[in-house]
Amino acid sequence: MSQDEAVERLAERLRGASRVTVVTGAGVSAASGIPTFRGSGGLWRNHRPEDLATAAAFARDPRLVWEWYAWRRGLVAAAQPNRAHEVLALWSRRFPRFRLITQNVDGLHERAGTSGVIRFHGSLWEVSCWGACGRMPARWRDERTFDRLPPRCDACGGWLRPGVVWFGEPIDPEALEASGEALDCEICLAVGTSAVVYPAAGLVTAAGARGAFTAEINPEATPASAAVDLAIAGPAEDVLDRVDRRL
Ligand code: BV8
Ligand code: ZN
């Protein structure tokens, strides 16, 4: 099937749909200049993301881990949402029951105007008290450029940690519940994710098991490509734009 035919097949499905759920990964932010995890540029100072995004790494060297998050906050603050984010923001207003579950912590979907984003892995722009002193909310927004790293909790003076879900940590129960509801959909689309990190990697096939038509948009094949009903090989900013023009 040519890419054009695949784009038309997805547009055809979307034209009559109302309950549409999209799951996104780092690939949707690639065109905004944000390095993906596994693509070239994923390594930071020769550290693999999996080695920095853990509580153990933070306990070992909180300054190093914060330098990585501060670098990412700087990159994202200087970046702009791209056409992929824009089309999904349009769709969040087009489809009566649209849900967006993102693994991305960059906040670019929200900046593009998508409301009700389910932040499956948290946010770069939120922090929490490492010591869980209980005198601050569980997680709160803090967009400051910190003058010293690690930043400190105003209540107990302990370290702050990034408000993200690290490897080995559970998904936030609210995000899990909202995602579970979102999987009851007519169409579930995975965009820009390598489908390697769980439980996020199991979402699109779980929607398929509940009867949804499933599709994937990714320039490369992933472990999910053979499991979905339609795999469209191409960059999200281009393919989503072409699908949207046919709606
Ligand atoms: C947990 C936040 C348990 C932090 C992240 C089952 C099997 C095997 C392993 C496990 C399993 N279940 C759990 C595990 C362990 C682990 C895991 O999955 N490990 C992997 C490495 C095998 N999972 C966990 O630890 C999870 N927690 O299981 O807890 C538990 C339960 C109860 C009580 C206690 C504990 C938590 C996982 C969350 C970790 N946090 N992020 C931060 O960002 O700093 S994960 C992080 O990596 C991202 O959020 C994302 O999820 C993942 C990266 O994946 P992608 O976003 O897909 O990006 P990637 O670079 O890999 O791929 C980019 C893709 O885009 C590519 O395919 C490329 O081709 C494509 N692309 C490129 N350009 C474009 C494009 N696509 C479209 N357009 C383009 N232009
Ligand atoms: Zn505290």
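The values are calculated or read from the model by the stated rules, or taken from the named source; none is laboratory data. A quick note: this is a predicted structure, and the numbers were derived from the prediction, not measured. For neighbour counting, all protein chains shown are included, and Cβ atoms are generated from backbone atoms with ideal geometry for every residue, glycine included. Surface accessibility is based on the protein's heavy atoms, side chains included, excluding ligands, DNA and RNA. Shrake-Rupley method; radii C 1.70, N 1.55, O 1.52, S 1.80 Å.
In the chain, taking the dipole from charged Cβ atoms about the Cα centre, the farthest positive-side position among A221, P96, S123 is held by S123.
With a 1.4 Å probe and every protein chain left in place, work out the accessible area per residue of the chain in Å², rounded to a whole number.
Details: 11320 Å² over 247 residues.
Per-residue value: 46 Å².
Among beta bridges identified by DSSP and lying wholly in the chain, the antiparallel ones come to about 30 percent. In a reduced charge model with +1 at each Lys and Arg Cβ and -1 at each Asp and Glu Cβ, the chain shows a dipole moment near 500 debye about its Cα centre. Against the chain, whose longest principal axis is taken from its Cα atoms, helix 83-94 shows a tilt of about 70°.
Under 5 Å from the amide H of L100 lie the amide H atoms of V22, I118, each residue being 5 or more positions distant or on a separate chain, with H modelled from the backbone and absent for Pro and chain starts. Protection proxy ranking, highest mean first, for peptides 105-117, 153-165: 105-117, 153-165, where packing is the per-residue count of other beta-carbon atoms within 10 Å, averaged. Within the shell defined by Cβ-Cβ distances under 13 Å, the residues around G116 carry a net charge of +1, with Lys and Arg each +1 and Asp and Glu each -1.
Among T193, T36, T222, the largest mean-square fluctuation in a Gaussian network model of the chain, built with springs joining Cα atoms closer than 10 Å, belongs to T222.
Annotation: amide H of W159 within the under-5 Å range of W130, G131, C153, sequence separation 5 or more or interchain, hydrogens built in the peptide plane. Under 10 Å, Cα contacts only: if you run a Gaussian network model on the chain, which one of S29, S123, S18 comes out with the highest mean-square fluctuation? Between S29, S123, S18, it is S18 that shows the largest mean-square fluctuation. For the pair S18 and D61, label points projected 7 Å from Cα toward Cβ lie 5.4 nm apart.
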